[in-house]
Amino acid sequence: KDDFGGGDYVVTSTLASQCPPAVGRALGFSIADTILKRNKYESNSKKQVSFVTIGDGSVHNAHFLSAFNLARHARFRKTKCPVVFGVSDNGLSISYPTDGYADYLFTKYAARPKDQHDPSSKVIMDRDGIPIFKANGCDMMDVYDKTFQAVDYSRKSSAPSLILYQEITRRFGHAATDRQHAYLDPSVVDQMAETDVIESGIMQAVEHYGALTYGEAMDRFEEIGVLSRSAFNSAADEPKISTRDDMIAKVSQPMAQVPPLAAGLLTSHDFNQGDAGKRVKKDVMRKHMTRVISEVMDSDPKVVYIGEDVEHGGYYLVTEGLAKKFPGRVIDFPPDETTLLGAAMGFSQVGLVPIVEIPYSKYLDCGADM
């Protein structure tokens with residue numbers, strides 16, 4: 001990861017859960033550049049793009065659907081959101097046949113009858129405004145070309161795009177526990193295992209493009225093999241996690257030490273006493289919250305406040321006046337806690353410090369699995 005939010009972000013299952021943070025990064029790039037006064041890019045080729053990939057099974061997952069919807073909403077609002085979704089379609093979600101549904105879901109234009117009584121009269125309708133780039137997933141050069149086009153589009157237009165990698169053959173089972181022979185004919189399993197995209201890619205590079213010789217390709221293949229075996233052996237030799245403390249140290253966010261309060265801060269002023277020592281009406285809690293949030297945003301320009309209806313003060317006026325005091329740092333989101341919390345993760349990955357407002361505890365369950 002670099003100082004501008006670039007780099008690789010490691011995720012675990014489900015893969016779709018990486019999509020909301022990816023959209024958050026895309027939304028956060030321009031915000032962080034403005035707030036942190038980062039240098040302007042010399043050319044479009046230097047502008048950042050957020051790239052996220054999933055499989056055709058994950059397009060059913062609510063994390064992906066929420067993220068894709070937020071990207072479409074950004075496109076609709078003409079908000080900068082340079083995110084590229086890559087979807088690999090091999091026709092199988094473990095054992096469940098997907099039957100080309102990804103292509104159906106993302107088809108940009110849908111032909112529908114203009115006259116219900118005359119099916120031949122069709123009108124073309126734009127479904128989502130996000131350009132779709134379709135690549136043959138078994139053709140490495142086509143994959144490179146379409147990926148380049150999609151990234152170039154998102155980079156230049158600061159808008160979302162999607163690449164659909166089609167015609168992919170799954171060579172092996174989904175995981176070690178995937179019993180392919182339980183749902184596929186043995187001949188199909190053997191045929192799938194014999195499909196080799198690397199081999200066909202090398203043939204293209206040598207015979208069509210003249211980029212290298214077969215001898216050079218073999219040397220490179222063996223070099224990668226040595227590096228791969230070394231990496232696997234190194235991973236296998238790592239100490240095994242055997243205690244709860246080891247697990248926490250491995251996967252949990254490190255705890256930041258809370259700085260001590262300034263001496264006398266809480267005793268130097270009695271908030272419940274007037275100038276003459278008379279008791280005055282106490283402020284309600286939300287006013288103290290507003291004051292603290294304002295102090296935090298004053299002290300750290302990286303802090304942003306995001307939520308639903310927060311620009312005008314929020315459900316309980318907690319952010320009243322803050323949008324005017326901190327332009328561009330109090331940001332409204334559509335009412336979807338999954339993308340709200342996911343976007344906050346993406347914001348943090350590009351250098352911002354987001355505070356997320358969830359107005360009701362009942363809303364927490366909508367985004368709890370982020």
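The values are calculated or read from the model by the stated rules, or taken from the named source; none is laboratory data. These numbers were taken from a predicted model, which means no experiment stands behind them. Counting neighbours? That spans all protein chains shown, and the Cβs are built from the backbone with ideal geometry, glycine included. Side chains are part of the model used for accessible areas, which takes the heavy atoms of the whole protein and leaves out ligands, DNA and RNA. Shrake-Rupley method; radii C 1.70, N 1.55, O 1.52, S 1.80 Å.
Selection over segment 19-71 of residues that are open to solvent by 40 Å² or more (accessible area, probe 1.4 Å), at pLDDT 90 or above and either assigned to a strand (DSSP E or B) or more than 19 Å from Ile306 (Cα to Cα) (or both) gives a count of 6.
Here's a check for you: in segment 72-91, which residue that is open to solvent by less than 30 Å² (accessible area, probe 1.4 Å) and assigned to a strand (DSSP E or B) is nearest to Ala175 (Cα to Cα)? This residue is Val87. Within segment 172-209, being over 11 Å from Met140 (Cβ atoms), at pLDDT 90 or above and among the β-branched types (Val, Ile, Thr) holds for Val188, Val189, Val206. Restricting to segment 334-355, and then to whatever is open to solvent by less than 30 Å² (accessible area, probe 1.4 Å) and free of Cβ contacts under 8 Å to residues at least 40 places away in the same chain, can you tell me which residue is farthest from Thr79 (Cα to Cα)? Top of the filtered list is Glu337. For the residues Ile358, Ile331, Ile293, the requirement of being open to solvent by 10 Å² or more (accessible area, probe 1.4 Å), under 26 Å from the mean Cα position of the chain (by Cα), of a type in the set (A, V, I, L, M, F, W, C) and at pLDDT 90 or above singles out Ile331. Among residues of segment 247-263 being part of a helix (DSSP H, G or I) and among the β-branched types (Val, Ile, Thr), the one that is modelled with the highest pLDDT is Ile248.
For segment 153-172, indicate whether the set of residues that are within 30 Å of Phe76 (Cβ to Cβ) and open to solvent by 70 Å² or more (accessible area, probe 1.4 Å) is non-empty. The answer is yes; a qualifying residue exists. For segment 309-325, the set of residues classified as open to solvent by 10 Å² or more (accessible area, probe 1.4 Å) and on the phi < 0 side of the Ramachandran plot consists of Glu311, His312, Tyr315, Tyr316, Val318, Glu320, Ala323, Lys324, Lys325, listed by residue number. When segment 300-324 is examined, which residues are found to be of a type in the set (Lys, Arg) and in contact with a Ser or Thr (Cβ under 7 Å, 6 or more places away or on another chain)? Passing the criteria: none in range.
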